[in-house]
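One structure below.
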Amino acid sequence: MESIALAVSRHATEDFGPLRCVGHFRNAINLLTPGQHLLTLHREGRGLSPMGWEIADEDFDDFSDELAESPACELLPEGIVLADICLCPSEHRTDLSLSRTGQIAVDPLEAVLAATTAETGLFGRLDRIVSQSLNAEILQMQQQFRAWLLGEIVDWSSVLGKGPGLTPGNDDTVLGMLFCAWFDRRIDVNRLPAFFAASRPLDELTTLISVNYLRFAAQGVFSSPMQQFAAALSGDRSLPAAVGELLEIGHSSGVDTLLGIWSGARVINSLY
């Protein structure tokens, strides 16, 4: 049975060979290549990660069911092969490099977040965070982000890996701040020090999934939900709707990412 993926990230691995399943969930399947590159299959409508393929509902279910019975699958030039299933890549590959730029107005964003009662992974409700004195750890992350924007080499080792989930809360917050840096047209990220240059190797600090998201974020490559959020910041989509979509990601990943975007925007606007 042959089917074609709905979308394939241009950044997804082509490290051909046997694949090992390292995470099997209702809406995502994480596969690891021989070279230890992550390849993620996403269910239709759940977005596209930099390391991902988006698969139609029925095709995703068929692959998921077969994988549970016979986990031996392989990435080949023609596609991902599992028993009699071949998931073929789409002809067009999606570039997830962040191309939209602008400036984030903190007040409108803060107004939306102030009405958001969703819980972050570590620091409680988002509405309380944006309306009260900052927690010491959030303040530390903002200070480190500010130092990096000013050209300092920053060690993020004590920050990363903290919080529950496949992508720990602090990691999502740091990713949100990186998104701000790449989005804001006043900042030339390529002239700043490499973001994780002074940190211990990421795979020693946090989860495999988070390592991949962070590495891509440091290069200005973000998932399709983040691309949609950039469209909202540019005025092409409703900001409250975009916030709502991010809130639906993971148990607290979207909330923690929004915390990072709000934090990063505050720091950037204090400098410019």
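The values are calculated or read from the model by the stated rules, or taken from the named source; none is laboratory data. Since this is a predicted model, take the numbers as computed values, not measurements. Heads up, the Cβs are rebuilt from the backbone with ideal geometry, glycines too, and the neighbour counts pull from every protein chain shown. The accessibility values were calculated without ligands, DNA or RNA, using every heavy atom of the protein model including side chains. Shrake-Rupley method; radii C 1.70, N 1.55, O 1.52, S 1.80 Å.
For the range 2-94, averaging the sequence separation of C-alpha pairs within contact (under 8 Å, six or more residues apart) and dividing by the residue count gives a relative contact order of 36 percent. Computed with every protein chain present, the accessible area of residue 20 is close to 130 Å² [probe 1.4 Å].
Compute log10 of I(q)/I(0) for the range 36-75 with the Debye formula, placing one identical point scatterer on every Cα and leaving out solvent, at q = 0.28, 0.36 Å⁻¹, to two decimals. Evaluating at q = 0.28, 0.36 Å⁻¹ gives log10 I(q)/I(0) of -1.03, -1.13.
Helix 224-233 and the longest principal axis of the Cα set of the chain meet at an angle near 30°. Relative to the compact-globule estimate of 2.2 N^0.38 Å, the Cα radius of gyration of the range 2-94 comes out at 0.93. Computed over the chain with a Gaussian network model linking Cα atoms closer than 10 Å, the most mobile of 139, 149, 38 is 139. Short-range pairs are left out: with C-alpha atoms under 8 Å and at least six residues apart, the relative contact order of the chain is 20 percent.
Extents of the range 93-180, taken as max minus min of Cα coordinates on every principal axis and listed largest first, are 35, 30, 30 Å.
Taking only the C-alpha atoms of the range 93-247, Rg followed by Dmax gives 15.1, 44 Å. Among residues other than residue 118 with Cβ under 14 Å from its Cβ, the summed charge is -4 (Lys and Arg +1, Asp and Glu -1).
Rg ratio for the chain: its Cα radius of gyration over 2.2 N^0.38 Å, N being its residue count, equals 1.02.
Surface exposure of the chain, expressed per residue as accessible area with a 1.4 Å probe, stands at 44 Å².
Here's how it looks for residue 21: its modeled amide H is under 5 Å from those of 32, which are all 5 or more places away or on a different chain.
Take 250-259, 206-215, 7-16, 231-240 and order them by the average number of nearby Cβ atoms within 10 Å per residue, most first; the result is 250-259, 206-215, 7-16, 231-240. Each stretch of four or more DSSP H residues adds -39500 (n - 2.57); spread over every residue of the chain, this sum gives -12000 deg cm²/dmol at 222 nm. Look at the alpha carbon pairs under 8 Å that are at least 6 residues apart: their mean separation over the length of the range 98-156 gives a relative contact order of 18 percent.
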